[in-house]
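Before I ask anything, here is the structure I am working with.
Values in this text are rule-based calculations from the coordinates and carry no lab data. As the structure is a computational prediction, the values presented were derived from the model and not from experiment. With ideal geometry, Cβ positions are generated from the backbone for all residues, glycine too; neighbour counts draw on all protein chains shown.
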Amino acid sequence: MTCRVLLADDHQIVRQGLRALLEKAGHSVVGEAADGREACELARKLQPNIAVLDLAMPLLNGLDAIGEIRRVSPGTLAILLTMYTDRPYVLRALQAGAKGYVLKSQAADDLVRAIREVWAGAAYLSPGVAVGLVDAYLSKDGAPKEPLTARERQILQLVAEGKTTKAIAGLLGITFKTAESHRNRIMKKLDIHQTAGLVRYAIRRGLVRP
C-alpha cells in the first residue's frame, strides 16, 4: 500500500525536492503547504497517513501544528523535518506528539527511512540527534518547561512575525480585545514587556527563524 504524505515547508524549492525524493521511493505526495495553518487545513481535507512538517513555518509553527493535525485528522502521524539539533526542541517535539524527528543536515534517505518506520508504527530520530533523548523524555528529566498555552504560542509567533494586534485578531477569528488580552498575558508570563524581547524569545524557542 502506498503511503499518502502531506508536505509542509515554507520554501517551495524544498517541497519540490522532497516530493521528487518521496515519489521516487514509492510514496504519494497528496498535498503541499507553505505554512502551518495551510498544513492543518490540508490534513483535514486529505487525511494523509504522514505529515512531514518543517518546525519553523509562518502563521503556525510545526510543533503547534502537530496538535491541530491530530485533532482534525487523528490517523495522521507527524514527522518534523528541521535544522534544530538542540535537546529542548526534540523533547518538545516528542511531547507534542511527533513520531519522527529528522534533521535537514542528514542524508536524503533518512527521511524515507523515517516515513517507513513511523508508518509501520515505530518512532524515528535522526542519528544526528543526541543520544539519550528518549530516556530523558520518558523520565521527564530535563524536559523543557512551557509557560505558554498553545494559543499563546500561536499569538507570540504572529507577534514575532510582525503582525499587528488587529491582524492577529482577524487571522484567528477573535476580537481585538481578546487578542490584546492574550498579548498582555504573554508579556506578564514571560516578564518581557517589549516587542523586540518577544521576538528574541520566539527565535530562541524555534517559533520563527532569525
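Whose amide H sits under 5 Å from the amide H of ALA33, counting only residues 5 or more places off or on another chain, with H placed in the peptide plane?
It is LEU7, ALA8, ASP9, by chain and number.
Which order results if HIS27, HIS11 are arranged by neighbouring Cβ count within 10 Å, fewest first?
Ranking HIS27, HIS11 by Cβ neighbours within 10 Å, fewest first, gives HIS11, HIS27.
With unit charges on the beta carbon (Lys/Arg positive, Asp/Glu negative), name the residue among ALA98, SER73, LEU158 whose Cα is farthest towards the positive pole of the charge dipole of the chain.
Toward the positive end, the furthest listed residue is LEU158.
Residue by residue through segment 68-83, what is 3J(HN,Hα) from phi via Karplus (6.51 cos²θ - 1.76 cosθ + 1.60, θ = phi - 60°)? Round to whole Hz and write x for glycine and proline.
5, 5, 5, 6, 8, 9, x, x, 8, 9, 9, 10, 8, 10, 8, 8
Let me ask something else about it. Just how many % of Cα pairs in the chain lie over 24 Å apart, if you round to the nearest whole percent?
Result: 41 percent of Cα pairs exceed 24 Å.
Counting other beta carbons within 10 Å of each Cβ, put LEU80, LEU94 in order, fewest first.
So the ranking, lowest neighbour count to highest, is LEU94, LEU80.
At a Förster distance of 30 Å, what's the computed FRET efficiency of THR149 paired with SER105, Cβ-Cβ distance as r, to 0.05?
Here the calculated transfer efficiency is 0.40.
Let me ask something else about it. Karplus couplings for segment 87-93 from phi (6.51 cos²θ - 1.76 cosθ + 1.60, θ = phi - 60°), rounded to Hz, Gly and Pro as x?
3, x, 5, 5, 4, 5, 5
If you don't mind, another one. For the chain, find the longest principal axis of its Cα atoms and tell me its angle to the long axis of helix 109-119, 0 to 90°, nearest 10.
Roughly 90 degrees between the two axes.
If each of LYS188 and PHE176 carries a label point 7 Å out from its Cα toward its Cβ, how far apart are those two points in nm?
Computed distance between label sites LYS188 and PHE176 equals 2.1 nm.
Taking the Cα centre of the chain as origin, sum charge times position over the Cβ atoms of Lys and Arg (+1) and Asp and Glu (-1), and report the length of that vector in debye to the nearest 20.
So the dipole magnitude of the chain works out to roughly 560 debye.
If you rank MET57, MET187, MET83, MET1 by fewest surrounding Cβ atoms within 10 Å, what's the result?
Arranged by neighbour count, lowest to highest, MET57, MET187, MET83, MET1 become MET1, MET83, MET187, MET57.
No solvent, one uniform scatterer per C-alpha: report log10 I(q)/I(0) for segment 30-133 via the Debye equation at q = 0.18, 0.25 1/Å, two decimals.
The calculated log intensity ratios at q = 0.18, 0.25 Å⁻¹ are -0.78, -1.48.
Something else: Taking amide H positions as placed in the peptide plane 1.01 Å from N, state which residues far from LEU77 in sequence (5 or more) or on other chains have amide H under 5 Å from it.
Counting only residues 5 or more places away or on other chains, the set is ILE50, ALA51.
While we're here: Using 0.36 nm times the number of residues separating GLU117 and ALA20, minus their current alpha carbon distance, what extension gain do you get?
Gain in length upon complete extension: 33.0 nm.
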